[in-house]
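Undergrad: The structure's right below; bear with me while I get my questions together.
Throughout, read-outs are computed from the coordinates displayed, never taken from laboratory work. What you see is a predicted model; the values in this text were computed from it and never measured. Cβ: placed from backbone, ideal geometry, glycine included. Neighbour counts: every protein chain shown.
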Amino acid sequence: MSPDMIKTKSSIVEIRIYKFPLPAKSLYNMSSSAVQTPESTIVEIIDNEGTIGYGEACMATSEAQRSTNESIRVSLSILGPSLIGVNPTDLSLINETMGNALLGEQEAKAAIDIACWDLIGKKLNMSVAELLGGNINREVLTYHVVGIASPEEASAEARRLQKMGITRLQLKAGGRRIEADISSIKAVSKATDEETVLDVDTNCGWTQTEATEVSKLTSGIDFSLEQPCRTNEELIAIKSKIFHPLIIDESATDIKTISDLVYRKIADGFGMKITRVGGLSAMRPIRDFCLKTATPMSSDDAWGGDIIAAAGVALGSTIPRNLNRGAWIAHPYHRVHYDSVNGPRIENGYVKLPNGGPGLGLIIKKGTFGDPEQCYE
Ligand code: 0XW
Ligand code: MG
């Protein structure tokens with residue numbers, strides 16, 4: 001049963017917004033910036049029957065993402081009041097109301113949208129994975145990031161992760177001389193076992209010339225190239241000049257752009273972030289499109305805790321293994337759980353679907369996030 005078909009007499013009576021710091025406990029270097037202390041934003045939606053839904057959005061760094069954690073909370077100070085009295089189980093009405101209240105700001109809207117999916121699941125006693133439809137895998141492949149470092153450090157980290165059962169590595173690159181990136185790519189590829197899949201992700205960190213040069217000089221090494229340049233125009237321009245599959249992340253912002261990049265044979269896969277497109281309601285048709293066109297995709301986000309991780313794993317569980325690029329979670333880097341029992345965690349290269357009940361499958365105790373920064377009723 002899809003969430004669109006249910007219409008309960010539910011209406012939002014309160015929305016609470018929390019700020020929750022998730023500092024990086026281990027070095028996490030990307031081309032534009034290193035992750036320090038991102039402050040996640042948690043949304044708590046309560047309806048007239050006392051059902052509670054949780055949503056979350058957390059940017060890793062202000063340089064790497066379009067929104068900042070501060071701007072997300074400012075946007076929620078506009079969206080929150082506009083949703084009081086609205087039916088949280090009517091996802092089209094929720095997204096329409098948010099669209100009328102505020103242009104853009106998909107990340108803030110995503111936190112609200114995810115909270116509604118969690119709430120609907122609790123009302124219907126169904127998991128968000130079931131609501132998203134499709135065949136469900138109880139555990140989802142994940143991947144682990146190897147941050148920008150020296151070739152020795154990067155290959156040592158790659159060996160350490162593979163010993164832990166990780167079979168998919170995302171090596172960060174960019175933001176330095178390409179010779180250094182090439183040395184790290186060679187060192188890490190030598191350290192990867194037969195079955196390990198390697199992605200190289202610059203988070204928009206190369207020019208067109210650098211991207212084509214690195215791909216030429218590493219053409220004999222098997223890896224995918226993720227978002228080597230910032231814009232789709234640049235990615236279209238280099239497509240015929242690179243020797244590696246092209247994965248699009250930051251510039252895959254909406255279903256029109258995504259379908260265009262597939263039909264023009266530019267994108268070989270996507271690094272999809274739930275908050276970038278506005279939530280699970282927007283991700284569902286993107287998932288359907290990728291499955292229909294046999295286009296591999298990941299389902300995760302930039303940073304954050306158990307709530308956004310559970311949303312990524314829920315969606316990831318509905319993607320067939322042959323098309324699943326994995327659901328990345330930030331827990332290994334900040335080691336914080338909102339639900340210490342059911343919070344998503346990596347076991348032998350996979351993340352199990354949280355089993356704490358309906359919705360996102362999490363049990364979040366009162367007071368977990370302290371006092372709300374904003375309250376609307
Ligand atoms: C690896 N991620 C999913 C998390 C980081 O924030 C960046 C992102 C990516 O793929 O770019
Ligand atoms: Mg990426």
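Undergrad: Hey, if you put +1 on the Cβ of every Lys and Arg and -1 on every Asp and Glu Cβ in the chain, which of A267, I46, S77 ends up farthest toward the positive end of that dipole?
TA: Positive-most Cα among the choices belongs to A267.
Undergrad: Express as a percent, rounded to the nearest 5, the fraction of DSSP beta bridges in the chain (both residues included) that run antiparallel. Show your work: numbers first, answer last.
TA: On the way: 24 of 46 bridges.
The antiparallel fraction comes to roughly 50 percent.
Undergrad: Turning to a different aspect of this structure: What is the percent of Cα-Cα separations in region 151-271 that go past 16 Å?
TA: 58
Undergrad: 5 Å is the cut-off here: which amide hydrogens, built 1.01 Å from N in the peptide plane, fall below it relative to Q374, excluding neighbours closer than 5 in sequence?
TA: Those qualifying (amide H under 5 Å, at least 5 residues apart or on another chain) are I17.
Undergrad: Right, another one. Rounded to a whole number, what is D in µm²/s for region 228-368 from Stokes-Einstein with the Kirkwood radius over alpha-carbon pairs (10 °C, 1.306 mPa s)?
TA: Taking Rh from Cα pairs, D becomes 100 µm²/s.
Undergrad: Follow-up. What's the FRET efficiency of S183 with K239 using the Cβ-Cβ distance as r and R₀ = 30 Å, to the nearest 0.05? Please list the in-between numbers first.
TA: Details: r = 25 Å, r/R0 = 0.85.
Rounded to the nearest 0.05, the efficiency is 0.75.
Undergrad: Ok, one more. Check region 73-228 and count each lysine pair with an alpha-carbon distance under 30 angstrom, considering only pairs eight or more places apart or from different chains.
TA: 11
Undergrad: Roughly how many whole Å is it from the C-alpha centroid of region 145-163 to that of region 19-43?
TA: With region 145-163 and region 19-43 each reduced to a Cα centre, they are spaced 20 Å.
Undergrad: In whole Å, what is the distance between the alpha-carbon centres of region 223-299 and region 328-377?
TA: Cα centres, region 223-299 to region 328-377: 28 Å.
Undergrad: Simple spin-label model, 7 Å along Cα-to-Cβ: K216 to R160 in nm?
TA: It works out to 3.6 nm between the two label points.
Undergrad: Sticking with this structure for a sec: For helix 208-217, report the angle its Cα long axis makes with the longest principal axis of the Cα atoms of the chain; keep it between 0 and 90° and round to the nearest 10°.
TA: 60
Undergrad: A further question on this structure: Using only helices, what value at 222 nm comes out for the chain when you add -39,500 (n - 2.57) per DSSP H run of length 4 or more and divide by the total residues, to the nearest 500 deg cm²/dmol? Working shown, then result.
TA: Details: 13 runs with 134 residues, N = 377.
Calculated from helices alone, the mean residue ellipticity at 222 nm is -10500 deg cm²/dmol.
Undergrad: Assign unit charges at the C-beta atoms only (+1 for Lys and Arg, -1 for Asp and Glu), then state the dipole size of region 317-377 relative to its Cα centre in Debye, rounded to the nearest 20.
TA: Numbers: 7 positive and 5 negative charges, 79 e Å.
Magnitude of the dipole: close to 380 debye.
Undergrad: Also: Rg to Rh for region 12-138: what is it, with Cα atoms only and Rh by Kirkwood?
TA: Working: Rg = 15.7 Å, Rh = 15.5 Å.
My calculation puts Rg/Rh at 1.01.
Undergrad: Calculate the dipole size of region 231-370 relative to its Cα centre from +1 charges on Lys and Arg beta carbons and -1 charges on Asp and Glu beta carbons; express the result in debye to the nearest 20. Kindly include the intermediate steps, with their values, before the conclusion.
TA: Details: 17 positive and 13 negative charges, 51 e Å.
The dipole of region 231-370 has a size of about 240 debye.
Undergrad: If you don't mind, another one. Given the options W206, C229, I258, identify the residue whose Cα lies farthest towards the positive end of the charge dipole of region 161-261 (+1 on Cβ of Lys, Arg; -1 on Cβ of Asp, Glu).
TA: Positive-most Cα among the choices belongs to W206.
Undergrad: Long-range amide H contacts for R168: which residues qualify at under 5 Å (H placed 1.01 Å from N, peptide plane, sequence gap of 5 or more or a different chain)?
TA: The list, which skips near neighbours in sequence, is H144, V197.
Undergrad: Restricting everything to alpha-carbon atoms, can you work out Rg to Rh for the chain with a Kirkwood hydrodynamic radius? Before the final figure, lay out each step's value.
TA: On the way: Rg = 19.9 Å, Rh = 20.7 Å.
Value, to two decimals: 0.96.
Undergrad: Now for a separate question. Looking at P372, I329, T97, which one has the Cα that reaches farthest to the positive end of the dipole of the chain (charges on Cβ: Lys, Arg +1; Asp, Glu -1)?
TA: I329
Undergrad: At 7 Å along Cα-to-Cβ for each site, give me the label-to-label distance between F289 and V341 in nm.
TA: 4.0
Undergrad: How large is the dipole of the chain about the Cα centre if only Lys and Arg carry +1 and Asp and Glu carry -1, each at its Cβ, rounded to the nearest 20 debye?
TA: Working: 39 positive and 47 negative charges, 119 e Å.
That gives the chain a dipole magnitude of about 560 debye.
Undergrad: Suppose each label sits 7 Å from its Cα in the direction of the beta carbon; what would the E377-L27 distance come out to in nanometres?
TA: Here the modelled spin labels are 4.9 nm apart.
Undergrad: Okay, next question. With θ set to phi - 60°, apply the Karplus curve 6.51 cos²θ - 1.76 cosθ + 1.60 along region 62-72 and write out the HN-Hα couplings as whole Hz, x wherever there is a Gly or Pro.
TA: Listing the rounded values in order: 6, 6, 7, 10, 6, 9, 10, 5, 5, 5, 4 Hz.
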